[in-house]
Amino acid sequence: WLWFGVITLIIFLLVTGIMAFAMNLHPAAGHERTVAPEQVLSTAPFDKPGVYPVGDKEYQVVMVAQAFNFLPAAPTVPAGSTVHFRVTSPDVIHGVAIPGTNVNMMVLPGHVTEFTYTFKKPGEYLLLCNEYCGIGHQVMMAKMVVQ
Ligand code: CUA
């Protein structure tokens, strides 16, 4: 049984290692851009969080997740829009989750997390922090407005 445990551990470490190094699936993947956390709020594009059109029904949402709110607080796009989120944090680890979609990002201080999602149905989507980030974690939320 000891060998069973040892072999299972080796397989687990191999799978983790292959995913991290060969498949590039790790927290820093896609985070080639980094900013010093204390400079996030003074570094473009995060000095002007907001919704920026980048094409036909295509928007970039530049977002700052900080204790304990999101900027912008209510990003608004037309229905059918493809949204490229670019999110970072100036303080601690936060999350961005939009229930009912597969938007679920971990936001590391100073790292730029990117995710693309197409909002087909109009409505007000809850956007919340799903990483425990401090005493205000449970009130850290915003809404994504799809018109
Ligand atoms: Cu931010 Cu929890």
### Message
Just to be sure before I move on: is Ala73 within 13 Å of the ligand (Cβ to nearest atom) and either over 14 Å from Asn130 (Cβ atoms) or not assigned by TED's automatic domain parsing to the domain that holds Lys120 (or both) in the structure I sent?
### Response
no
### Message
If the requirement is being over 20 Å from Tyr125 (Cα atoms), of a type in the set (A, V, I, L, M) and not in a helix (DSSP H, G or I), which of these qualifies: Ala20, Ala44?
### Response
Ala44
### Query
Quick check: is even one residue across segment 97-116 within 25 Å of Gly55 (Cβ to Cβ), in a strand (DSSP E or B) and modelled with pLDDT of 95 or more?
no
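If you go through segment 52-73 one residue at a time, do you hit one that is of a type in the set (D, E, K, R) and free of Cβ contacts under 8 Å to residues at least 24 places away in the same chain? I'd like the intermediate steps shown before the answer.
Just the residues of segment 52-73 that are of a type in the set (D, E, K, R), to begin with: 56-58.
Adding the requirement that they be free of Cβ contacts under 8 Å to residues at least 24 places away in the same chain leaves 56.
Scanning segment 52-73, I find at least one residue that is of a type in the set (D, E, K, R) and free of Cβ contacts under 8 Å to residues at least 24 places away in the same chain, so the answer is yes.
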### Message
I need the full set of residues from segment 81-103 which are under 12 Å from the mean Cα position of the chain (by Cα), buried (at least 21 other Cβ atoms within 10 Å of the Cβ) and not hydrophobic (A, V, I, L, M, F, W, C), in order please.
### Response
Thr88, Ser89, His94
### Filtered residues of segment 102-147 (kept if more than 21 Å from Leu41 (Cα to Cα), away from the ligand (no atom under 11 Å from the Cβ) and of a type in the set (Val, Ile, Thr))
Val103, Thr116, Thr118, Val145, Val146
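The values are calculated or read from the model by the stated rules, or taken from the named source; none is laboratory data. What you see is a predicted model, and the numbers here were worked out from it, not measured in a lab. Here the Cβ is made from the backbone with ideal geometry for all residues, glycine too, and neighbour counts use every protein chain on show.
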